[in-house]
Amino acid sequence: FKQNKITIHSVTGYCFMQKPFWKKKGEEKKRLLKKLKKIINGASKIKTKFVVIPLVDNGKIQNENQKKTLIKDLKKMENLLADKKVQILFETDFSPAGNLNFIKNFNKKLFGINYDTGNSASLNYNPIEEFDLFSVYIKNIHIKDRKKFGKTVPLGKGNAKFNLISKLCKKYNYKGKFILQCARKKSGDEVNTLKNYLKFLKRYF
C-alpha cells in the first residue's frame, strides 16, 4: 500500500452476510466475532476507516432477537473501535424510519450508515425521506443501480435517482466517499466499462 500510495477508504464484510454472527450460537459465533476483530485490526493497520456490515440478503435481520443480539455484541467492541480508530457502518434493508431507530442504538462516533443507491431504488424507498431522517449518520455511499424490486443493472438503466441523490448530498453536506458497486458488463472490457460509468456519474457528482 505504501509503495503504490494506495488508500483503502472502506471494506465490506461480505463474509458476515454469508455467515452472520447475529444468527449463530456457541463456538461458531465466537469464531465469527473473533474474525470481525481481526478485520478491525487489519483495517486499522492499513488506515482503513470504515468496516461495512451488510444486513441484507442472507444477513437480513429477521426478528427482534437477532437485532438485540447484534446490538449487544457490537457494543462490546466500542473500546476496540475507538482504540483502532475504525468505525462500523451498516448497510440495511430497513425502512427509512426503521434505519433511524436502529442506528440510534449506537455511539454515533463509532457507528454509522453505508447508503446504497441501488438497494434504496430496489426497495422503492424515497431518498428525500431517507436523507431527511438519517443523513447525519451516512458516512459512506455505494453507487449502484437497480430496477424497482429487481436486480442490479448498468448505471442509468434502473430506478436509482442519481440527480436527486446528488442534490441531497449537497443539501446535507455529505463529505464522504462514493464507492462504485456497479453492474459488471463484458468480461475483459472492465476499463471501458469503468470509464463509461465515471462519465455517467460526472453528470451528477
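The values are calculated or read from the model by the stated rules, or taken from the named source; none is laboratory data. Source: prediction; values computed, not measured. Every residue, glycine among them, receives a Cβ derived from its backbone with ideal geometry; neighbour counts consider all protein chains shown. SASA here: full protein model, heavy atoms, side chains in, ligands and nucleic acids out. Shrake-Rupley method; radii C 1.70, N 1.55, O 1.52, S 1.80 Å.
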**Prompt:** Any residue at all in the range 65-82 that is among the charged types (D, E, K, R), modelled with pLDDT of 95 or more, farther than 20 Å from Asn140 by Cα and within 18 Å of the chain's Cα centre (by Cα)?
**Reply:** yes
**Asked** Within the range 5-38, how many residues turn out to be over 16 Å from the mean Cα position of the chain (by Cα), farther than 19 Å from Leu80 by Cβ and among the aliphatic types (A, V, I, L, M)?
**Response** 1
**Prompt:** Can you name every residue in the range 72-93 that is open to solvent by 20 Å² or more (accessible area, probe 1.4 Å) and either without any contact (Cβ under 8 Å) to a residue 12 or more places away in the chain or part of a helix (DSSP H, G or I) (or both)?
**Reply:** Lys72, Lys75, Lys76, Glu78, Asn79, Leu80, Ala82, Asp83, Lys84
**Residue count, the range 1-25 (criterion: assigned to a loop (DSSP other than H, G, I, E, B) and without any contact (Cβ under 8 Å) to a residue 60 or more places away in the chain)** = 13
**Prompt:** Under the condition of being of a type in the set (Val, Ile, Thr) and either touching a helix residue (DSSP H, G or I) at 6+ places or on another chain (Cβ under 8 Å) or surrounded by 20 or more Cβ atoms within 10 Å (Cβ to Cβ) (or both), which residue from the range 122-175 is nearest to Gln87 (Cα to Cα)?
**Reply:** Ile138
**Residue under evaluation Lys186, criteria (1) touching a residue at least 24 places away in the same chain (Cβ under 8 Å); (2) part of a loop (DSSP other than H, G, I, E, B); (3) farther than 30 Å from Met77 by Cβ, criterion not met** = (1)
**Request:** Please identify the pairs in which a residue from the range 111-134 that is part of a helix (DSSP H, G or I) has its Cβ atom under 6 Å from the Cβ atom of a residue that is basic (Lys, Arg), counting only partners at least 6 apart or on another chain.
**Result:** Thr117/Lys144; Gly118/Lys144; Gly118/Arg146; Ala121/Arg146; Ser122/Arg146; Pro127/Lys161
